[in-house]
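The values are calculated or read from the model by the stated rules, or taken from the named source; none is laboratory data. Predicted model, so just to flag it, every value in this text is computed and none were measured. Reconstructed Cβ throughout: ideal geometry from the backbone, glycine too, with neighbour counts over all protein chains shown.
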């Protein structure tokens, strides 16, 4: 399963296009931003993550947003983005299609393919981003969601847009379990709207698999939390700890083992990332839930066959 990216924020409007570009990349996937129109650039983002879903509101002056082949090569494929324009106007182009974006419309596009977004006036845009597999339809259908606008094609589309638009600004105020439930509801509503508009049936989903997917998304969003435990995870999903352990046992692993593997993966990625070259190994380990450096080193060597220091040294040399 792909983990969702981290929604980032610019708490106030900035005129620094480089700062804005960095925050956009952190919030979504690698993109190219080009200011357009007269006057100085200004933009702000506010984001929050929940249940593998990133909700980000963008407020900015006119700009061209491009997902290029180079950006795709840098990462971030495999996500669906859903745009709900709150103010202004725009045009979305992908896969030979063009969709006019108007306030209240729901527009779908795919981070695995190149696309362009042109906003020729100041705008406010609420964007959801989540792994493609969260849409419960055949791959052929989800792969076709490129520059697709629901517009006012069905009354349910307007109801879904209203729900998400009204709920998203309050996610920051909710507890983690409540955010998870709200994100899950938003995805289910999008599935329902797509089924209604395009008259396509979602395959029957095993409820245990759906619950496990929801739980793993919850865990991934909280890997850094030192308090993450089976009891907390079970309580957040209104199930017993015993049931939680049973769900993971059926996949051939345990809750604790799955969490440890994901944390080790995150540590390995940070150790290989030049952006973290100045961060100590113990600090990286602690940031991902390994406060004991010796314990981390033993687990890392067992998983990858080299020590954290060896990995970093070899990566720097080669």
Inset, instruction - Kindly list the number of the only condition in (1) more than 30 Å from residue 191 (Cα to Cα); (2) over 26 Å from the mean Cα position of the chain (by Cα); (3) surrounded by fewer than 18 Cβ atoms within 10 Å (Cβ to Cβ) that fails for residue 308. - result: (3)
Legend entry - Residue within segment 143-154 that is assigned to a strand (DSSP E or B) and either out of contact with any helix residue (DSSP H, G or I) (no Cβ under 6 Å at 6 or more places or on another chain) or without any contact (Cβ under 8 Å) to a residue 24 or more places away in the chain (or both) present: yes
Inset, instruction - Would you mind stating whether residue 124 is out of contact with any helix residue (DSSP H, G or I) (no Cβ under 8 Å at 6 or more places or on another chain), surrounded by fewer than 17 Cβ atoms within 10 Å (Cβ to Cβ) and either farther than 18 Å from residue 184 by Cα or in contact (Cβ under 8 Å) with a residue 60 or more places away in the chain (or both)? - result: yes
Inset, instruction - Might you check whether a residue that is modelled with pLDDT of 90 or more and in a loop (DSSP other than H, G, I, E, B) occurs anywhere in segment 294-306? - result: yes
Legend entry - Among the candidates 223, 194, 156, residue that is surrounded by 14 or more Cβ atoms within 10 Å (Cβ to Cβ), closer than 28 Å to residue 57 by Cα and under 18 Å from the mean Cα position of the chain (by Cα): 223
Legend entry - Residue that is within 24 Å of residue 170 (Cα to Cα), within 18 Å of the chain's Cα centre (by Cα), modelled with pLDDT under 90 and not in a loop (DSSP other than H, G, I, E, B), where the choices are 23, 12: 23
Inset, instruction - Kindly check whether there is at least one residue in segment 120-129 that is under 18 Å from residue 140 (Cα atoms) and at pLDDT 95 or above. - result: no
Inset, instruction - Tell me which residues, restricted to segment 286-296, are on the phi < 0 side of the Ramachandran plot, touching a residue at least 12 places away in the same chain (Cβ under 8 Å) and surrounded by 14 or more Cβ atoms within 10 Å (Cβ to Cβ). - result: 287, 288, 290, 293, 296
Legend entry - Selected residue [within 24 Å of residue 45 (Cβ to Cβ), in contact with a strand residue (DSSP E or B) (Cβ under 7 Å, 6 or more places away or on another chain) and modelled with pLDDT of 85 or more] from 180, 165: 165
Inset, instruction - Scan the strands (runs of 3 or more DSSP E) fully inside segment 40-114 and keep the ones with 3 or more residues being over 22 Å from the mean Cα position of the chain (by Cα) and over 20 Å from residue 189 (Cα atoms). - result: 97-101
